Structure formats: structure tokens, C-alpha cells
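Here you go, one structure.
Each reported figure results from applying straightforward, stated rules to the coordinates on display, with no laboratory input. A quick note: this is a predicted structure, and the numbers were derived from the prediction, not measured. A quick note on method: Cβ atoms are made from the backbone with ideal geometry, for glycine too, and the neighbour counts reach across all protein chains shown.
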């Protein structure tokens, strides 16, 4: 209980302020630090043991979060591998049509798409990310396991790049996982661009949310966390407003009930463009 109180105090009082998204910050966050470390670890694992099972690789604690407390349907103390396996099953449950063509915006090193393909997903899978290091590693994993996943380096806030992407690839489902929280000032314009250039498509956005009513201790910390970081309090309002204006339909929002630490739980936003 003491550790829980310490964690709560950290969430409430010690969170850093949101930093402006700049080119230097993007490079620092997505190319120069953590991505290089993850890339080195994964490549080392596969060089030393090329026959490593993909599910085991993706659930390996050395590339997972430092998990001491996690939301896994409830607030619990856990370990990285058990959390990653739980998260994997949660994500797989989001995509029931295994033939759907899926585009993931902000795919990182391909954790989500690799998991989908490994579970038997037969549709076309495409991932884009601003991180050259992340896309390089994603392509390496795809080639190593013959996953046939297409990855591209792309800044989704660049309208021209976004238009070109959808001219080349019009998927059935557009998917994001913790991407809009990194783009707090671009969320409205990005959603508006996406629903305009990808009509009659399904969207699944897994993003931080402070708009869901707290039901327990971890929910309350999530709300405080999102408010403190200025994470996507705007996304909920944007989507509700777009629904009222008949720009999107079938908007459905639910808790993911899965996060590697209390205070960062996400919501699943499902809707269709018109």
C-alpha cells in the first residue's frame, strides 16, 4: 500500500510539463535514445538466437516497459512479461476481421502489426512512423520472420505526406496506439484530415483519455495524469463534436483496461468516417 501511495504522489506532483513538439525533440525521443537501445537489444537477440519465437521476442522484458505496477483489468503489481502478454491479447481482440487491410499510424518498431500477423491476420498490414530507427527495426523484424508487412518513414502531421500515403494505400481500418497523446496541438486537424481523405473507413484509436468517469483508484490517477500532461483531453471533445456535425458515425468509446503503469490507462475510440 505504501508503494501505491508513493506512485500516486509521483503521478500527482512530479510529472513533467508537456514539451513543445519540435524537430530536435522528435529526434531525441524517437531516434537518438530509447529507439537505438531497443533496436540494439532486439537485433542482438535475433543474431544470437535466430530461431527465437516471435511472440517470445515481443513479450521479452528487456524490450518492454519497466513494469512494477500495471492496469490489467485492475490495479496490480506485475512483471513486464505478464503485462505484455496481457496487452497482446487485448490488442488482438480489437481486430476480429483477419482479412481487413490495416494501416497503423505511429507504428514504432512494429510491435502491434507483428503481433497481428503472427496471430494469423491475412490482410495487408502497413505501418508508418516518423522514427527512421523504429521503421528500420520494424522492417528488420518483418524480413526476419517473413511477415510481409510494409513500413514507411512518414510524418503524419505533414499533409502532403499523408495525402500521398492514402493515394498509394486505402486500408479498411486506420489504427493508432498512443499516438495522439504525442500530438496534443494537432489532434483536431489530423482527425479532420484523416476522415476527409479516407471516407467510409473504420478507425480504432487507442489513446490516453481524461474524459472517462473514474470508477476506481487507477482510473482517478489516469485522469490526473492526463490532465497534468495535457494529454488528449481534446480528442474526446473533437470526436463528439464531429459526431454531432455528422462528420463521423458510430462513435463508441470504452476503457482498454490495460496500461503498463497506473496513471496512463487508455480509452478505445471506435468510429467510421462518412
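Please list 110-117, 210-217 highest first by mean number of surrounding beta-carbon atoms within 10 Å per residue.
110-117, 210-217
Given a Förster radius of 25 Å and the C-beta distance between residue 98 and residue 200 as r, what FRET efficiency does 1/(1 + (r/R0)^6) yield to the nearest 0.05?
That gives a FRET efficiency of 0.75.
Specify whether the C-alpha gyration tensor of the chain places it in the rounded, prolate or oblate class, a ≥ b ≥ c being the square roots of the eigenvalues: rounded for a/c under 1.5, otherwise prolate if a/b is larger than b/c and oblate if not.
Taking the square roots of the gyration eigenvalues as a ≥ b ≥ c, the chain is rounded.
Relative to the present Cα-Cα distance, how much length would full extension add between residue 213 and residue 49 at 0.36 nm per residue of separation?
Residue separation times 0.36 nm, minus the Cα-Cα distance, leaves 54.4 nm.
Between residue 155 and residue 245, what is 0.36 nm times their sequence separation minus the Cα-Cα distance? Round to one decimal in nm.
Extra length from residue 155 to residue 245 when fully extended: 29.6 nm.
Hey, can you rank 88-100, 262-274 by average C-beta count inside 10 Å, highest first?
Taking the mean over residues of other Cβ atoms within 10 Å, the ranking is 262-274, 88-100.
What full-extension length gain, to one decimal in nm, is calculated for residue 78 and residue 56 as 0.36 nm per residue of separation minus the Cα-Cα distance?
Length gained between residue 78 and residue 56: 6.2 nm.
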